[in-house]
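Structure, as C-alpha cells:
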Amino acid sequence: MPEEFFAPISNQQTPPTYKFFDGKEWKDSTSGKTSDVISPIDASVVGKIQVVTTNEIDAVMEATYVTQRSWEATPLHQRVKIMHLAADWIRHFEEYLSSLLSREIGKTLEEAKSEIKRTADLTDYFADEVQSLRGETLDSDNFPGYDKGRIGIIERVAYGTVLAIAPFNYPVNLSASKIVSALLMGNSVVFKPPSQGAISGLHLARIFQKAGVPPGVIACVTGGGGEIGDYLVTHKRVDLITFTGSSDTGLAIAQKAGMIPLVFECGGNNPAVVMPDADMNLTAREIIKGAFSYAGQRCTAIKYVLGTKQTLEQLLGEVQKQMPEFVKMGDPRSPETKLVGPVISQDAATKIETAINDSIQAGATLVTGGKQNNSFIEPTILINVKPTMATVATEVFGPVVSFVAVSDMGQAVTIINESRFGLQASVFTKDEGAGIAFAKELNVGTVQINGSPQRGPDHFPFLGVKASGLGVQGVRYSLESMSRLRPIVLNKPQ
Ligand code: G3P
C-alpha cells in the first residue's frame, strides 16, 4: 500500500477510495462496489471502502490457512518484536489516527488520542505478557489408581485462523486487542473492521504489515455486515470468532457459527447502585463520566441509576450542579466539546430519541436533554423510570441515563439480576465492606465499587454474563482465550 495511505487528512481534496488487504496485496474488489463511510459530524464522506466478494473471502481464508503453521512456528521472540514495532508505529501515527478516528466515528479528539495511546500501550503489554505464558508437565500418580507410568506434556497452541470482528466505538483499540492476542499466540487473522470505523481499521492492518507481520498472516476484508457477515462467520476455515458488538448480532453469530470457540463482548446496560451513605460528589462525577463519555456509546456506559427516592433526589441535584463542568455537546474536533459529540449516525440518533420518547410516554419525566439534531442527541437525564421502560429494558447506545427509584437494596439486586444484560455494575457507598457484600449478590461480569464501569486497566479480566458476552478478555485472559491446551501424554508402562 502506498504511503499516501497516511497522507494528511486535510490534504485530501476528494474522499479517498481505500483498498482491502488480502494478506499480501492491497486491492480493489472485483465486485466493483464501494461503500461510503459518512462522518457523523457533518455527513461528509470520509472515504470509500471496498465491498469484497465471497470469492475474495475464500482466497483470503485460504491464504491465512496456508501461512498459519509457519507463523506459529516462527520463534515467539520474533513475533514479540514485530508487535513492539507495531506499537511504535501506532505511536508514530498518533496525531493522524486520532484525527481520522474523530472524523470517522465522532469521538472527541481527547477520547480519540486516548484510544490510540492505549492501543500502543496494550500492544506492548501483550507482547511482554505472552513471554510469561507457560505450558506444564503433569505426573500421573497423583490420581488414584495410576502409577508413575504417564507424563502429561501440556502445551498452549494456536487455534488456527481467527476471525476478528470489531465494533465502531473502538475501531483501533478493540481491533488491536483481538488481533495482537491472536497473532502472538500463533494464529492467523482475518480482520473484519466495522463499516463505520473501517478506514481506521484498514490503517491498523497497514501498521501490522509495516511492522513485519509476514504475507498471508493477517488480512483485512471490508463490506457491510449484512453483505459479508454470514459468509465470514460460517466459513469452514474459521477456527475461532472474536466479536464485539450488540447482543442481538452476537446471538445471531452464535446460532450460525456452529461448534467453534467464541469470544464475545456484547451489550451492557450497566446500572449504578447508590447507597444512602454514598459520597454524592464523587458519585455524581462518576455517573456523569460513565453515562456521557463518547456520547454514551460504550458497552460499559452507565445506563441507569438505582437508589431510594430520597437518595436519587439528592444525587440528581449534585449531577445537575456538576454537568456544566464536565459535559458540553459539540463538534468532537473542537477542544470546547466535552464527552458528547454526535452518535454514530442520524439513524442511530433517531432510534435513541424514540427510546427516550417511549420512556416518557410510559411515565418517565425528562429532566434535561432529549432532543435530536441530525446525529446529535442532547445529554439526557430521565427520572421516575421503571425497569420495563425502553431506556432501561433495551441497550440505548447514546448519552441517556435513567434514574430508577427502589424501595430497598434488595429490589436493586432483583432488577439487576433479572436484566437480560450482565456486563458490569457500579456500587457507590462509603462502606467498602458493604459494597463488597453487595457486589457478591450481583450476576454481572465485574462490579466496580465507587467508580464507573470500565474495561481498563486492560490487564484486568473483562467479561460479560447472560447476553453480555462469552469468554474472558484482558491481556493474559485474551492470550489464553486465543489459544488452546494441547496435552501430549507420554506412556511408559512399568
Ligand atoms: O464498548 C466497548 C468496551 O470495551 C468499553 O471499553 O474502555 O470504554 O470501558 P471502555
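The values are calculated or read from the model by the stated rules, or taken from the named source; none is laboratory data. Source: prediction; values computed, not measured. Note that we place each Cβ from the backbone using ideal geometry, even for glycine, and neighbour counts take in every protein chain shown. The accessibility values were calculated without ligands, DNA or RNA, using every heavy atom of the protein model including side chains. Shrake-Rupley method; radii C 1.70, N 1.55, O 1.52, S 1.80 Å.
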Exercise for the section: Please find the FRET efficiency linking D248 to A73, where r is the Cβ-Cβ separation and R0 is fixed at 35 Å, and quote it to the nearest 0.05. Expected result: 0.35
Exercise for the section: Express the C-alpha Rg of region 270-460 as a ratio against the empirical globular expectation 2.2 N^0.38 Å, rounded to two decimals. Expected result: 0.95
Problem - 5 Å-binned pair-distance histogram of region 41-95 (Cα, whole percent) - result: 4, 13, 11, 11, 16, 19, 16, 6, 3, 1
Practice task
Leaving ligands, DNA and RNA out of it, report the carbon-plus-sulfur percent of the accessible area of the chain at a 1.4 Å probe.
Solution key: 52 percent
Problem - Peptides ranked, highest mean first, by Cβ atoms within 10 Å: ranges 248-254, 25-31 - result: 248-254, 25-31
Problem - Per residue value of the accessible surface for region 270-460 (all protein chains in place, 1.4 Å probe), Å² - result: 41 Å²
Fill in the blank from the handout: One quarter of the C-alpha convex hull surface, i.e. the mean projected area of the chain in nm², amounts to 24.8 nm²
Exercise for the section: Would you kindly calculate the mean projected area, averaged across all directions, of the convex hull enclosing the Cα atoms of region 119-276, in square nanometres? Expected result: 14.9 nm²
Exercise for the section: Using packing as a proxy for protection, rank 310-317, 424-431 so that the peptide with the highest average count of other Cβ atoms within 10 Å comes first. Expected result: 424-431, 310-317
Handout entry: DSSP beta bridge pairing in the chain, given as percent antiparallel to the nearest 5
Key = 45 percent
Exercise for the section: Have a look at the DSSP beta bridges in region 102-208 and tell me what percent are antiparallel, nearest 5. Expected result: 45 percent
Problem - List W89, W71, ordered by accessible area with a 1.4 Å probe, largest first - result: W89, W71
Problem - Local electrostatic count, R103, Cβ distance below 14 Å [Lys/Arg +1, Asp/Glu -1] - result: -4
Exercise for the section: With the cut-off at 23 Å, report for region 353-494 the share of all Cα pairs above it, as a whole percent. Expected result: 51 percent
Fill in the blank from the handout: Bridge orientation stat for region 270-460 from DSSP, antiparallel percent rounded to 5, came to 25 percent
Exercise for the section: Calculate, axis by axis, the spread of Cα positions in region 305-360 along the three principal axes, and write the results as whole Å, longest axis first. Expected result: 38, 31, 13
Problem - Size of region 415-463 as Cα extents on the principal axes (Å, biggest first) - result: 26, 26, 14
Practice task
Quickly work out the N281-to-S334 label distance, labels modelled 7 Å from Cα along the C-beta direction, and quote it in nm with one decimal.
Solution key: 3.1 nm
Exercise for the section: For region 113-184, divide the Cα radius of gyration by the Kirkwood radius and give the resulting Rg/Rh value with two decimals. Expected result: 1.24
